[in-house]
1. Name the residues in segment A:386-442 that are hydroxyl-bearing (Ser, Thr, Tyr) and within 11 Å of another protein chain (Cβ to nearest Cβ), would you?
2. Cβ-Cβ distance below 9 Å, separation of 6 or more or different chains: which pairs start in segment A:118-131 with a residue that is closer than 18 Å to A:Asn225 by Cα and end on one that is aliphatic (A, V, I, L, M) and open to solvent by 40 Å² or more (accessible area, probe 1.4 Å)?
3. Here are some residues: A:Gly356, A:Gly394, A:Gly425. Which one is under 20 Å from A:Ala99 (Cα atoms) and not hydroxyl-bearing (Ser, Thr, Tyr)?
4. Provide a single number: the residues in segment A:381-423 that are in contact (Cβ under 8 Å) with a residue 60 or more places away in the chain and among the charged types (D, E, K, R).
5. Working carefully through the options A:Ala28, A:Ala77, A:Ala84, A:Ala64, find the one that is surrounded by fewer than 19 Cβ atoms within 10 Å (Cβ to Cβ), within 25 Å of A:Val282 (Cβ to Cβ) and not polar (S, T, N, Q).
6. Run down B:Gly401, B:Gly327, B:Gly334, B:Gly366 and say which single residue is surrounded by fewer than 24 Cβ atoms within 10 Å (Cβ to Cβ), within 30 Å of A:Gly186 (Cα to Cα) and over 16 Å from the mean Cα position of the chain (by Cα).
7. Give me the residue from segment B:58-97 that is of a type in the set (S, T, N, Q) and more than 23 Å from the chain's Cα centre (by Cα) and, out of that set, surrounded by the fewest Cβ atoms within 10 Å (Cβ to Cβ).
8. Just the residues that are among the aromatic types (Phe, Trp, Tyr) and under 16 Å from A:Leu153 (Cβ atoms), please, taken from segment A:277-315.
Amino acid sequence: MAFDPTIAAIRFGSGLHPQLPAPKSAGAMLKLLRGPDVMAKAFPIPVYGDLMPEAHRLRELARARKKLGKRTPKMEAEVKLIRANDRERNAMMLRHLIARNLDTEDGFRERLLRFWADHFTVKGRGGITRNNVGTYVEDALRGRITGRFGDMLKAVVTHPMMLVFLDQPRSVGPNSFIAGRTPRRGLNENLAREVLELHTLGVGGRYTQKDVRELAEVFAGMSQNIDKGFNYMTRGGEPGAEVVLGRSYGGEDPKVEDIYAVLHDLALHPDTARHVSRKLVVHFVSDTPDAGMVEEMAAEWQRTDGDLMAVYSVMLNHPAAFAGPLTKAKQPIDFVCSALRALGVPGAEVAALNLGRTRRNLAGPMILMGQHWEHPVGPDGWPEDEAHWITPQGLAARISWAMRLASDQRKTLPDPRDFVGQALGDLASEPVHFAAKAAETRMEGIGVILSSPDFQKR
Amino acid sequence: MSMTSRRNFLLRGAAIGCSAAASPLLTPMTFAAAPWDARLVVIILRGGMDGIDVVQPYGDRDAAGLRPTLGMGEGAGASDLDGFFALHPGLSELMPLWKAGELGFAHAVSTPYRDKRSHFDGQDLLEAGTGFDVMAKEKRDGWLNRMLQTIPGIEAETAYAIGREDQLVLTGAAAVANWAPETRLNLSPQAERLLELVYHDDPIYREAIAEALDLTDSLEAAAQAQEEEEMDESMADMANMMQARGGNKAHLKLAEFAVNRLRHETRVASFSINGWDTHGGQAAGLKRALASLQDVILAMKAGLGPVWGKTTIIAMTEFGRTARENGTRGTDHGTGGTMVMAGGALRGGKVYGQWPGLAEADLYAGRDLMPTADVRAYAAATMRGLFGIEKSLLESSVFPGLDMAGVDRLIL
């Protein structure tokens, strides 16, 4: 199947836009991706390091409280203000994420970023990490989606937010210096397990419980704090060599280079190439992926040592990439972005919403659609299959939001008959064309088109 | 069946149900589509609940050394159950139920899942109810749905999957209702008609909208009927209890929604409680998760009132956790775990199962509690006792390949 601009915009991007052009070719999509990151500048999102002054101040306030036995009214007010700013920043990051999707011509970048953020899911834990998953995504992932998988893996696995999320910072080797001093301290295998099961080889990969354990021993000593960020404590590392998937890492003295070495090898493992290539195809193209497409991508991964641009290129140039019909259900975030985009809502309009409106108009409805943003159930992120999303309650929430959006935008709504083409190009089915004509009001017509399976799919 | 006839049929059904509920001669019971009056609630505890910490084997001589900081038994604030096991303090408000025989446990149980200890495969297998060999992703349906498939004439509202997450355990060919407590759908008749038109050719969407419109109608009717009804004592008890726990907590909303359905036509309800993956700082984390479970059980007992006597709740998790505490005051993924059971229909006051011991040689792979029974056998025994489903069906259609031998009678 030849390249199709409409399918390219919907399947690999944020959807069609009334003014902005759809991609012209696979080559053009890759070229945009290689070019400057325009949207990151237009709608900035802070990186994790930007939070550190605040984290330090909160630590000072906590220490002062401990010393005084209570918070003074002034301290109380300051803590309250910091927390309010934190909530507002969290809402701002969602607004900017959506705004980037509304104004971009490089939708593949935004979609890839969401794919990788999901592949390397992090959830906020306590303190400064609670409301700031967006800073981790911006920090560890955004600049690396066009590089090598191994570099991304290293950045993610050593990121303070990932370490905190998967309980790594307190994990120390059973024979480490620290465990010798405090016998109750020892290993925690959570991060090691998820790196093998989710991030690299996949649960079907050829690893065993023993590999999980040995990898946890290589990882022992990785920690973080607000002064240094990532912090490797040699005294928490496990002395002696560990064998992961048949290869030996480290010698007598534990060192951080062993961690980079094992991550390097995991990134290039054939099971990783296949697992992650398959996930890309499942995410972008089909819940039942074309086996040939996956194999070609995995082979390219191996040939280029995990060069992601090369892998994307194989995906986009495969005949299955632009073959219809569309069969995937848009996730709520994709549905929300693409609906706003189809109506031509400018990014600046979304970026200007206040906290209450962000919750009522965007985050709250997405929760009802089944996607509490940044709060998937587990580290495996959001499900892919259509049946998971298109439930009675999930679909009802999508319809309600679409109807409300049409009502909110009633002053600028296009004629529903024109909107069919604007939102779906030539992909709209006969019933959708009919509904656009038969609707009693503009608002209902637009709401029905946005709720239709034609628009819900990508 | 034409495009709108199913809908009209459903609408009529809802209208009849509504007027019938208001009639003093007919109780809603008359319209119950299920051939039984017992209630079953299946709660999936996602994340891997640490059974050893919840039902603590403090009488086991090998227990103490395994959990240096987590502690165990009455010294650690737990309530003695039977001289050997003690209940985690996070469930202490359930002790009156234990004494009344309305709370029980099955210990050292597991699904057939082994060794890779993945939450996600573990949960899939728990909900699919199959052996590990038949876990093809394509043919996933849940055992609770397969149980319904054995009953002819089941209607959708007999069984409810509640919450925004989809509940694989109830997914499958038998009609079930899926809804989340906060979801609303208000549409004009014309919009409804057009939506049915655009969804018509796509089965997933067509079925979802039919169910959504149907449930919206019947939930509205039920809410109206409820407003007209005097609030009875049990509803008031539940409302007070929810108020006391801070009102609108998500898990209590699920319980409240379940109660409102189970008091009427619904016989089976399922939802999830998350937050059991306690790798670090388990003392605080487990307490939080247990508080949710405890709240849910207490709210359901209060709200169900007279129906509680016909009800059994079973709460299951994908696996237990390591016998030894790890190096971060938590526990890692294990194998043998615990099922929690509650309800007025339960033969409770007992920790069921065969205790394998905690000595090094007794552990599974030298690290986990050894499973001595299949958790599916306990679920099967519950359904056998509540609904009278044949053992042969349970061991073939519902749980293919299961052997129920050796599992006690669990239901009064």
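1. A:Thr391, A:Ser400, A:Ser429, A:Thr441
2. A:Gly127/A:Leu58; A:Ile128/A:Leu58
3. Among A:Gly356, A:Gly394, A:Gly425, only A:Gly356 is under 20 Å from A:Ala99 (Cα atoms) and not hydroxyl-bearing (Ser, Thr, Tyr).
4. 4
5. Working: A:Ala77 fails: within 25 Å of A:Val282 (Cβ to Cβ); A:Ala84 fails: within 25 Å of A:Val282 (Cβ to Cβ); A:Ala64 fails: within 25 Å of A:Val282 (Cβ to Cβ).
Of A:Ala28, A:Ala77, A:Ala84, A:Ala64, the one residue that is surrounded by fewer than 19 Cβ atoms within 10 Å (Cβ to Cβ), within 25 Å of A:Val282 (Cβ to Cβ) and not polar (S, T, N, Q) is A:Ala28.
6. Numbers: B:Gly401 fails: within 30 Å of A:Gly186 (Cα to Cα); B:Gly327 fails: surrounded by fewer than 24 Cβ atoms within 10 Å (Cβ to Cβ); B:Gly334 fails: surrounded by fewer than 24 Cβ atoms within 10 Å (Cβ to Cβ).
Result: B:Gly366 is the single residue among B:Gly401, B:Gly327, B:Gly334, B:Gly366 that is surrounded by fewer than 24 Cβ atoms within 10 Å (Cβ to Cβ), within 30 Å of A:Gly186 (Cα to Cα) and over 16 Å from the mean Cα position of the chain (by Cα).
7. B:Thr69
8. A:Trp301
The values are calculated or read from the model by the stated rules, or taken from the named source; none is laboratory data. The structure displayed is predicted, hence computed values, not measured ones. Here Cβ is always computed from backbone atoms with ideal geometry, including for glycine, and neighbour counts include all displayed protein chains. Side chains included, ligands, DNA and RNA excluded: accessible areas come from the protein's heavy atoms. Shrake-Rupley method; radii C 1.70, N 1.55, O 1.52, S 1.80 Å.
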